[in-house]
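A.B. asks: If you scroll down you'll find the structure; I have some questions about it.
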2 protein chains.
Amino acid sequence: MAANKPEIGEFELIDRYFSALAASEDGALGLQDDCAILGLPDTEDLVVTTDTLVAGVHFLPETPADAIAAKLLRVNLSDLASMGAGGRAYTLSLALNENATDAWLRAFASSLQRDQETYGIVLVGGDTVSTPGSETFTVTAFGSVPKGQGLRRGGARPGDQIYVSGTLGDAALGLLALQGKVSDVSRASREFLINRHQYPQPRLELGQNLLGVATSAVDVSDGLAADLAHICAVSRVGAEIKWDQVPLSNAAREVLDQQPELMSEVLGGGDDYELVFTVPTAEAGEIEGLSGKLGLELTKIGRISDDTEHKVLVCGSDGAPVQISDAGYRHF
Amino acid sequence: MAANKPEIGEFELIDRYFSALAASEDGALGLQDDCAILGLPDTEDLVVTTDTLVAGVHFLPETPADAIAAKLLRVNLSDLASMGAGGRAYTLSLALNENATDAWLRAFASSLQRDQETYGIVLVGGDTVSTPGSETFTVTAFGSVPKGQGLRRGGARPGDQIYVSGTLGDAALGLLALQGKVSDVSRASREFLINRHQYPQPRLELGQNLLGVATSAVDVSDGLAADLAHICAVSRVGAEIKWDQVPLSNAAREVLDQQPELMSEVLGGGDDYELVFTVPTAEAGEIEGLSGKLGLELTKIGRISDDTEHKVLVCGSDGAPVQISDAGYRHF
């Protein structure tokens, strides 16, 4: 009952653009069956996550196909990372409109192919439909963890140290740069920030190395304060973080020097896809070693408290609490 | 970067409408984590499928929430059925717009709850986002089959009998009735056909009983001829089906008596979600017994041939080939 007659059937579309992405996995059944088959060793738990991106809501309409595909896959991989899972496979649902030209589809599929190689995952199934509205993309990603070992949000304990990977705020500032809201920044910094917005780096290797070390973890998708609040709510603890210890990139510093009011974006902006995690104080040395091993900054930004209201308290350099204007972007 | 400020946050929305759907499954982690955890006995393969429905494309915009939820879940369960899998769990991605009122969300969730009980499945995760366009719904469903036993499309052999469950064409005629294109039919028949369109019956029990019996299976989603063509293509065989042996409901007969030209909808219309499957002639007795056991008509409609062009040939009562105007609805 499609309103528009198809220019190309679903099976031709799969053949032309997507079959190659499933070629290495027998269980994908060549994308020719109704289902895929996933085996799993009985020493592992399957970890499942799903995320949807809508044009104009989760990315600007003019975003290149390459960047949409990368973000779609990587935000899901970031969820796997936050549980300490390794990536294995994914399904892909595309609701496409007239913007999905041959060139667009080729760029989209090529981007997925590159990420499959980088992250060791494979397409196992999907659905392709037409939409009269905004393009809508859903990935369901599958990973695995040793049975019963997955990192969770509920294990943080008072006294645990809070760490974050990489730098925060780049993605939010990159979006503002694309929207013309960042003035007076070097071209290199601008490109760095936009790249951080469009091509998040899921911290899969870090997550797997945190198994048995971290007491809780979450990826920063809604904003540092909001995501840490999820850990606090589920763990029934509080958190205190120090504003001036939040790790910033040089590009972000360059922007904040000119527009210090944008610091709230760093704490509340989201889309960083770094990991925030908690570790007992005794494991601090382990984290320093891990930072060196992975070549990834891991910065201590605060500690878990026994606050019975399960709040996230942000303190300035003088130790006094700071008000954040927006406690994190709330989707929908 | 949502255009509209949310009236209700994603976490409140999950709490209010969807948490109850995940309550019975520990691995859903109360829908409070980024991922769900699925264990699986090592005697089973996990079977995965995903389907997306878009308002105005896959269902009429005025369709009640209850029927949308039912169809969304059941078209996925039908895919599991076609592989002989039992249902276990599902994830749910919702891209919602202003039509998603409190009453709408309650009706949608209640419908899912009823189907969870009927089909023995449970919600384990999802994503909820806003869309400026058409509502878009994606379910990824998980089932399991004994290791290596899943029904496939590629096993049909020349000489195999072709069977179909239930009756065909009801859903296509039900859609036409909703669109005012069916004249002169009794109210009871009209309601029967619309019900068949809105509330498909996934044949999970049949599928599981076909393990080790059927050589191939597919569910009728694109239309009998088109879906059987998938079996032919993957199995590298042909098929001959007899027009006058295709099982029809009394309601469909009532419509066809008045509008015989709609017979092409029965063969090409799709959305029946019955199973078409092939069995070696020696197993015919097995199928008759199964029909009695399940209380479900299983009708022999033709046979697999060795046609090297892998075509589906539809023959009239005189045995001569019949031309079908539309070889099945092609989504997208």
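A.B. asks: Filter the range A:44-64 for residues that are more than 7 Å from every other protein chain (Cβ to nearest Cβ) and in contact with a Ser or Thr (Cβ under 7 Å, 6 or more places away or on another chain); which is surrounded by the fewest Cβ atoms within 10 Å (Cβ to Cβ)?
C.D. replies: Here the residue is A:E44.
A.B. asks: Considering only the range A:248-263, state which residues are in contact with an Asp or Glu (Cβ under 6 Å, 6 or more places away or on another chain) and open to solvent by less than 60 Å² (accessible area, probe 1.4 Å).
C.D. replies: Listed by number, the residues that qualify are A:S249, A:A252.
A.B. asks: Can I ask one more? For residues in the range A:30-40 being facing chain B (nearest Cβ under 7 Å) and of a type outside the set (V, I, T), which is most open to solvent (accessible area, probe 1.4 Å)?
C.D. replies: Once the filter is applied, the top-ranked residue is A:Q32.
A.B. asks: Got a sec? Which strands (runs of 3 or more DSSP E) wholly within the range B:146-246 have at least 3 residues that are more than 14 Å from chain A (Cβ to nearest Cβ), at pLDDT 95 or above and within 29 Å of B:A67 (Cα to Cα)?
C.D. replies: B:161-165
A.B. asks: Let me ask you something else. For the range A:151-174, enumerate the residues that are in contact with a Lys or Arg (Cβ under 9 Å, 6 or more places away or on another chain) and either surrounded by fewer than 23 Cβ atoms within 10 Å (Cβ to Cβ) or of a type in the set (F, W, Y) (or both).
C.D. replies: A:G154, A:P158, A:G159, A:Q161, A:Y163, A:G166, A:T167
Listed here are the residues, each with its yes/no results for (1) more than 10 Å from chain A (Cβ to nearest Cβ); (2) of a type in the set (S, T, N, Q); (3) over 16 Å from the mean Cα position of the chain (by Cα); (4) part of a helix (DSSP H, G or I).
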residue	(1), (2), (3), (4)
B:L73	yes, no, no, yes
B:T91	no, yes, yes, no
B:L94	no, no, yes, no
B:E117	yes, no, yes, yes
B:G125	no, no, yes, no
B:S134	no, yes, yes, no
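A.B. asks: Just checking, does the range A:299-312 include any residue being away from chain B (no Cβ under 14 Å) and assigned to a helix (DSSP H, G or I)?
C.D. replies: Checked the range A:299-312: no residue is away from chain B (no Cβ under 14 Å) and assigned to a helix (DSSP H, G or I).
A.B. asks: Another question, if that's okay. Does A:K293 satisfy the condition of being of a type outside the set (A, V, I, L, M), assigned to a strand (DSSP E or B) and open to solvent by 20 Å² or more (accessible area, probe 1.4 Å)?
C.D. replies: Taking the combined requirement at face value, the residue does not satisfy it.
The values are calculated or read from the model by the stated rules, or taken from the named source; none is laboratory data. As the structure is a prediction and not an experimental result, all values here were calculated from the model. Backbone-built Cβ (ideal geometry, glycine too); neighbour counts: all protein chains shown. All accessible areas refer to the heavy atoms of the entire protein, side chains included, with ligands and DNA or RNA removed. Shrake-Rupley method; radii C 1.70, N 1.55, O 1.52, S 1.80 Å.
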